[in-house]
Amino acid sequence: MSKSTRWDSKENESKQLPIYRHKAKLIQAVKDSTFLVITGETGSGKTTQLPQYLHEAGICKNGKIGITQPRRVAAITVAQRVAQEMQCTLGREVGYQVRFDDCTSQDTAVKYMTDGCLLREVLADPVLSQYSVVILDEVHERSLSTDILLGLLKKVFMDPANATKGRSFPLKVVVMSATLEADKLSAFLSNCPVFAIPGRTFPVTCTFGTAVGPKDTESTGYVKEVVKMALDVHTSEMAGDILVFLTGQSEIERACDLLYEKAETIDYRYDVQDQTVEGLLILPLYGSMPTGIRKCVVATNIAATSLTINGIKYIIDSGFVKQLNHNSRVGMDILEVVPISKSEAQQRAGRAGRTSAGKCFRIYTKEFWEKSMPEYTIPEIQRTSLTAVVLTLKCLGVHDVIRFPYLDCPEERFILDALKQLYQFDAIDRRGKVTRLGELMVEFPLHPGLTRALLKAASLGCEDLLLPVAAMLSVENIFIRPGHPEKQKEADKKHRALAAKSGGTNDFATLLSVFQLCKSSDRPSAWCKDHWIHWRALKSAFSVEIQLKDILHRLQQLFDDEVELNWIIFHDVLVTSRVYIRTVCPIRYDWVKDLLPKLHEVDAYELSSVARQEVTDEEMIKWETREAAKRQPEVSTEDI
Ligand code: ADP
Ligand code: MG
């Protein structure tokens, strides 16, 4: 198929989307107000189409259109799709930026990014002067960074007097949500206009199962049940694709393994009700989608609203989700598998009714729904650690973090926990003011605890040992866990051998050793295969390490200019109308303080007296070290 035919079909496809009929009105609505809330069913075209409409309308001539996504995979996938629709190379007019992966260029006018990335951009440029429009997408997910961005944008741009402050043209802010939180959002943004895109949805019949009851809130036995249900649908329901909701990568892999195994035993002559169904294609999360065969997509919550999968008629809902929850007692965020909320369950069921009537099979009982599932999902800001966010806010000059405009306020004790931790890290002082160290810490896209460790290592000169560890902790799990028991044994053996090489009891040292061994190997991908290590994860770790090192070196330079070069050793001095020192080496005060025990007892030489007379090296050192403590000396290292 030629490129233009493909484009034509994509263009026709996009004209079928519910958003298309509202194109002109939407463009006008964005132009007319600073803030605009847009709601519309998942799949109506908000994420992929609106930025294209605004681009076409020439809104980018002053600056970029930025669209945030709470999920990394969504930012990348959607950018790929839009680049395809706009017929351009990804990274040119359409690009994406997620943590540690920037696929944008000078030409990028439509930029998809994670909300975390935009928050970091606000730090460097609080009025977002490079943007003409900022679209906060998937706001109903209520991710921590999106909630903070909402508050910040409201604070900076709500007052009309501020709308062009520090900018040559006004910024437009669009807030998009898949559910009906529109009124709450509009009220928060001083009753800004709401644009609702009418959806076309079909009825979805929901049935409850028997596998998970109210006492099974920590159950992990549901994978088998989900697989059984998917196979039941496959053999007894009419044609139509299946979407299965599970909670994470390892569960998805297990479910797919079981499905492959069981699907092999189906005899299509006798076992399958609908004789037009000739096979089952099992797809973990996402993949290319051929037609004519029933697809079974096994996904996490990402398929609830972030990514639309066409053709889904049946939903199998496990009823669980993996969620990050703050545990005040241990002072850490813990990833837990918990029951989803009722609103989330409805969202999942809705995925089956996009193009025709659908069915949703819930593996849990009605009682579980009533007793164990909360009405709504608690926003992330009310259940995760606020340490990084509080430091960001403080660095942005928001000193009173308790009275910040939150859409939903976090509990005060969570804010106090964050302040306490930042104080322990020396990132803020007793009065809550950001320290020099805090300003350095905020530059790193890492959890403040890890950043603190990295900066401490750098101050001890051993950052080369910690950088790889920080990088390895920032990528997905590197150890492969095969489903097959025999292969699992083999992988375990290899992993244990790797751990033994680095002492056997220190997991951080194991990460470091894996990083170093692989990097120094002649054929790193073959090395990974041999040791049951994810090559893709290690490749990302190599790239992350370089990026972290770059940030560290850039900051060290700043730091050196500011502090460290006040301290030098030099060989000779020449005095003319100014004092010149020659043959110079920067040092740290720590290195010489014990060598020069009398340093503090010596009286200072006045600069004027030094300038008037010839001085010995020894005298010069005494003068120089005292002066240096006070201010930058008027010396130059240039040759005369
Ligand atoms: P919304 O943001 O309103 O949920 P999207 O703009 O994400 O809607 O999607 C609109 C439509 O575009 C979807 O219904 C789907 O048909 C199509 N689409 C989006 N992304 C992809 C993709 N990666 N591959 C195939 N189709 C896609
Ligand atoms: Mg969307």
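The values are calculated or read from the model by the stated rules, or taken from the named source; none is laboratory data. Quantities reported herein were computed from a predicted structural model and do not represent experimental measurements. All Cβ positions, even for glycine, are placed from backbone atoms using ideal geometry, and neighbour counts span all protein chains on display.
Figure legend. Inter-residue proximity from region 125-144: first residues closer than 18 Å to Ala304 by Cα and touching a residue at least 40 places away in the same chain (Cβ under 8 Å), second residues more than 16 Å from ligand 2 (Cβ to nearest atom) and not in a strand (DSSP E or B), beta-carbon distance below 7 Å, spacing 6+ or different chains. Indicated pairs: Leu136/Leu149; Leu136/Leu150; Arg142/Pro379; Arg142/Glu380; Ser143/Glu380.
Apart from one condition, Ala83 fits all of (1) within 16 Å of ligand 2 (Cβ to nearest atom); (2) part of a helix (DSSP H, G or I); (3) surrounded by 16 or more Cβ atoms within 10 Å (Cβ to Cβ); the exception is (1).
On the stretch given as region 307-323, residues that are in contact with a strand residue (DSSP E or B) (Cβ under 7 Å, 6 or more places away or on another chain) and either without any contact (Cβ under 8 Å) to a residue 40 or more places away in the chain or part of a loop (DSSP other than H, G, I, E, B) (or both) total 4. When restricted to residues that are more than 10 Å from ligand 1 (Cβ to nearest atom) and in contact with a strand residue (DSSP E or B) (Cβ under 7 Å, 6 or more places away or on another chain), region 30-66 contains 14.
Among the criteria (1) among the basic types (Lys, Arg); (2) under 19 Å from the mean Cα position of the chain (by Cα); (3) more than 16 Å from ligand 1 (Cβ to nearest atom), the one Arg72 does not fulfil is (3). Taking the conditions exactly as written (more than 16 Å from ligand 1 (Cβ to nearest atom) and of a type in the set (Val, Ile, Thr)), does Val94 satisfy them or not? For Val94, the condition - more than 16 Å from ligand 1 (Cβ to nearest atom) and of a type in the set (Val, Ile, Thr) - is not met.
Among the residues here, Ala83 qualifies as out of contact with any Cys (no Cβ under 8 Å at 6 or more places or on another chain), within 15 Å of ligand 1 (Cβ to nearest atom) and free of Cβ contacts under 8 Å to residues at least 24 places away in the same chain. Filtered by the rule that a residue be hydroxyl-bearing (Ser, Thr, Tyr), closer than 19 Å to Val204 by Cα and at pLDDT 85 or above, region 274-332 gives Tyr314, Ser318. Filtered by the rule that a residue be away from ligand 1 (no atom under 16 Å from the Cβ) and modelled with pLDDT under 95, region 131-142 gives a lone residue, Arg142. Taking region 28-40 as the range and being under 20 Å from Val139 (Cα atoms) and more than 10 Å from ligand 2 (Cβ to nearest atom) as the test, the residues that pass are Ala29, Val30, Ser33, Thr34, Phe35, Leu36, Val37, Ile38, Thr39.
Quick one: would you say Thr68 is within 16 Å of ligand 2 (Cβ to nearest atom), under 25 Å from Asn310 (Cβ atoms), among the hydroxyl-bearing types (Ser, Thr, Tyr) and in contact with a helix residue (DSSP H, G or I) (Cβ under 7 Å, 6 or more places away or on another chain)? In short, yes.
Yes/no matrix, rows are residues, columns are (1) buried (at least 21 other Cβ atoms within 10 Å of the Cβ); (2) touching a Ser or Thr at 6+ places or on another chain (Cβ under 6 Å):
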residue	(1), (2)
Gln346	no, no
Ser356	no, no
Tyr364	yes, no
Tyr376	no, yes
Thr387	yes, no
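For region 249-283, the set of residues classified as loosely packed, with under 15 Cβ neighbours inside 10 Å and under 38 Å from the mean Cα position of the chain (by Cα) consists of Ser250, Tyr260, Glu261, Gly279, listed by residue number. Here the condition is being in a loop (DSSP other than H, G, I, E, B) and surrounded by fewer than 22 Cβ atoms within 10 Å (Cβ to Cβ); of Ser105, Ser44, it holds for Ser105 alone.
State whether one or more residues within region 37-53 are closer than 30 Å to Thr355 by Cβ and free of Cβ contacts under 8 Å to residues at least 24 places away in the same chain.
No, every residue in region 37-53 fails to be closer than 30 Å to Thr355 by Cβ and free of Cβ contacts under 8 Å to residues at least 24 places away in the same chain.
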